[in-house]
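Read the structure below first, then the notes.
The values are calculated or read from the model by the stated rules, or taken from the named source; none is laboratory data. Quick caveat, the model's predicted, so the values are computed rather than measured. FYI the Cβ positions are ideal-geometry reconstructions off the backbone, even for glycines, and counts take in every protein chain you see.
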Amino acid sequence: MIGLVVNPVAGLGGAVGLKGTDGMVDEALARGAVPRAGERAVLAVRALPPEVPLATAGGAMGADAVRAAGREPALVVDGGDGATTADDTRRAVAALAEAGCELILFAGGDGTARDVCAAIGDRVPALGVPAGVKIQSAAFAESPRRAGELAGAWLTGRRRERAAEVVDLDEDAVPAGRVGPRLYGTLRVPLGPGLVASAKSPSNDEDPAAVNGIAARMAERIGDGTAILGPGTTVAAVGREMGLDTTLVGVDLVRGGALVLRDAAERDLLEALDGDGATTVVTPIGGQGFVLGRGNQQISPAVLRAAGIGRLTVVATPAKLAVLGARPLIVDTGDEATDAELRGWHRLVTGYDEETIYRVE
Amino acid sequence: MSPQFQQARWSEPLLSELGTPGERGYVPTAPEAEIAAHAPDPLAAIPPAFRRSTPPRLPQVAQPQLLRHFYRLSQETLGNDVAVDFGLGTCTMKYSPKVNEHLVRMPEVQDLHPAQHEDTVQGILEVLWRLEQMLCAISGLDRFTLQPPSGSAAVYTNASIVRAYHASRGEGEQRDEIISSVFSHPCDQSGPWSAGFKVVELYPGPNGYPELDALKAALSNRTAGIVITNPEDTGIYNPHIAEFTRLVHEAGGLCVYDQANANGILGIARAREAGFDLCHFNMHKTFSSPHNGMGPAMGASGVKEELARFLPAPVVEKRGDRFELDWNRPESIGKIRSFVGNAQIAVRSYAWILALGPDGIREVAETAVLNANYLATRLREVPGMSQPFPTSNTPIEQFRWSLEALREETGVGSADISRNLADYGFQPVFGSHHPFIVPEPLTPEASESFSKEDIDAWADAMIDIAKRAQADADDVLEGPYRNACRRIDAAALDDPERWVPTSRVERAKGAVTGD
């Protein structure tokens, strides 16, 4: 059984010039936005094999779309009162997983992916039907139709999946005016050729050889020394390679082959660093190329200085760099002097015996 | 314009499914008694343990059925002789003159064995030696080996020579980094990597080629050399290449020029004048020998005199009027492959160069550049297609385009366009080498062999497909319609669990149980 959840307000902001729809529904509707997520979901449902039973949430959160596609839902779970807050999405997704859905299709954007991730993490496979304003997460198919095709192929095929990064705006940084992406976790998405990756959604998970090579090289380099490990699947692989239970979305400190700080705040890092400094390992999050200042503010200018500013090591798979289309990486730590020192050519670790000279601006 | 082409579509079974037991194409008569009495038993030479107890299940088919079978299969392909194939850029598809096929089918070539004594193969040794002299003249370098069986093998050969050079100077341990650019051919990174180097890559700057400052940031006393393609895979020529080679030399490194495809500069610019110490040519690209479906091929590796001692053994030497194989090469990197090179490819390339002469060689490049640039003016008419780098920086003889805009508008991308070309009787168009930095890439390369009519027809087909995509995306997404085969499930290509590259892997996966 496939579960379908529609975030009916996804995509509303885009048509009327907003950067997203989260918390802006009334504003978007006032500006004349027309809901489209339902239509997108219909296209996806039409591409599903007709014999597959569908479970969904009520009304605009799924059942309307299923019926508009000429199907009758096998099960309708409680989808809230139709106010369609993030909470409604989470609740509906959890209920569908509970009801035994093998795959959750969700129509929305990055915010919706984040809600799905919060509800089911990587326990149940999920796949995004692109319908939102922002699509930076690697959890979406290229088009609604391809989402349906991929879901059908997965269901009837060998059911292989990969981890996809869920990236959304970093809300903590928005008040400071520093809009940028943050990693919120991973979803397990069906593996299929060319269906999930797109120029805007970096998917280094498709390049496990490069990730493993980078992890092995960095684990060797760090050895018994001290290292600060930033967020991201590539950096998380470094921790895994060292046999440590490091975080995916947080910042960790390792020393002497042991995990000293897990999900550390800036102050924890400053306290833990001594005169020997640390290797700081970061990777670009999202498709814009931010390596510092978005989603990893714990690695502050003060932390960078205490660690040794010349010891910043950027790691990235070739697939992630390719997404940038040769645009430079970006640092925006909030301190101009620190940024100035970091700008210029960096030697990125892009594989076990592979480095890339890349510009940071 | 609508597709005018209709390919044959046969429901042809496998050869093993054809015929009936006992059916034969040819029944040899039994030897006469006298001969049989004197001839040794051919099975006697095979140890009993290796003899089969049951005969193999070979196909049993009469001649007319067999001929029909293979003709039908050939009608379901789009080969060089039936379909314009310049869409397959970076491969330098060109016409290989049929007269050269007659040459390689002469008994003097066809019946050669590589283990023959050199006294009996003076002719082919002379061809190899003369071809080497020609490549020296074309590149400006001093010695060549024709041994590597592919372009990638030639890059590996050159990387091994760079390693041997630094080892001979006591810097082998220290100089362990090869610099390359991300838009060089992928073997420029993987070849040195296989030869034991760490690889440092340069990304393109705003003009589409690597910046000098990026090179400076990469250079150090660990630099063993640079391995680079120019024009790069995008077709863009790096105008600062002499400055690149000068800086690498100052840092103590060697400079290796990947000239797999030299069609844009043949007879116009040489590796030596650009400051390179080594280079290689793919004889199956620029020098007109057919690609032969992934081989046999020839990657000719060339070096300056001071590096000649490291070339693989043997090399062909002319001593007086005699041609000899010189095996006595104590500093050689060893063998890249058995023997001295694929003789048939050497004959074709030699005949091609000889037929053209120095002026003709230059004209090849000039015509190829003209053709490619004419194609570019036509492709600017394709809706949703763009040049990903500044148009002021005119590519040389292959062009990388992006269909990102069409894809965003219609959902139809470069792979869909490529498939649909088959409906117009054209071979697919090449996208990009790894990594895909340009979204929805297309890289055609109209070499010198193609007429204005060919180029116009191809461009018209591209324009037509893009317009069809705008009118009805599903029409293109479902295509092609008029071919032997429409769309295949490509899922297996992305699934290592389903790859069976060797029989050993097949057995490990349990797909086969003996027999």
- Residue count for the range A:218-258, restricted to those that are among the basic types (Lys, Arg) and in contact with a Lys or Arg (Cβ under 9 Å, 6 or more places away or on another chain): 0
- Message: Taking the criterion of being over 17 Å from the mean Cα position of the chain (by Cα), at pLDDT below 90 and either assigned to a loop (DSSP other than H, G, I, E, B) or within 13 Å of chain B (Cβ to nearest Cβ) (or both), would at least one residue in the range A:303-318 satisfy it?
- Response: yes
- Query: Which strands (runs of 3 or more DSSP E) sit wholly inside the range B:162-271 and have at least 2 residues that are buried (at least 24 other Cβ atoms within 10 Å of the Cβ) and among the small types (Gly, Ala, Ser)?
  - Reply: B:177-181, B:223-229
- Task: Go through A:52, A:129 for me and flag whichever is touching a Leu at 6+ places or on another chain (Cβ under 8 Å), closer than 15 Å to residue A:148 by Cα, buried (at least 21 other Cβ atoms within 10 Å of the Cβ) and among the β-branched types (Val, Ile, Thr).
- Result: A:129
- Query: Scanning for something touching a Leu at 6+ places or on another chain (Cβ under 6 Å), within 14 Å of chain A (Cβ to nearest Cβ) and closer than 13 Å to residue B:183 by Cα, does the range B:213-221 turn up at least one residue?
  - Reply: no
- Residues in the range B:91-108 that are β-branched (Val, Ile, Thr) and either modelled with pLDDT of 95 or more or more than 23 Å from the chain's Cα centre (by Cα) (or both) total 2
- Message: For the structure I just gave you, tell me whether residue B:196 is within 25 Å of residue B:314 (Cβ to Cβ) and within 14 Å of another protein chain (Cβ to nearest Cβ).
- Response: yes
- Message: For the range B:116-142, give me the residue count where each residue is without any contact (Cβ under 8 Å) to a residue 24 or more places away in the chain, within 29 Å of residue B:273 (Cα to Cα) and assigned to a loop (DSSP other than H, G, I, E, B).
- Response: 0
- Are any residues in the range A:220-252 of a type in the set (Asp, Glu) and either buried (at least 24 other Cβ atoms within 10 Å of the Cβ) or free of Cβ contacts under 8 Å to residues at least 24 places away in the same chain (or both), and if so, which ones? A:220, A:245, A:252
- Message: Please verify whether residue B:297 is free of Cβ contacts under 8 Å to residues at least 40 places away in the same chain, surrounded by fewer than 24 Cβ atoms within 10 Å (Cβ to Cβ) and assigned to a loop (DSSP other than H, G, I, E, B), treating the condition exactly as stated.
- Response: no
- Sole exception among (1) modelled with pLDDT under 95; (2) away from every other protein chain (no Cβ under 13 Å) for residue A:342, by number: (1)
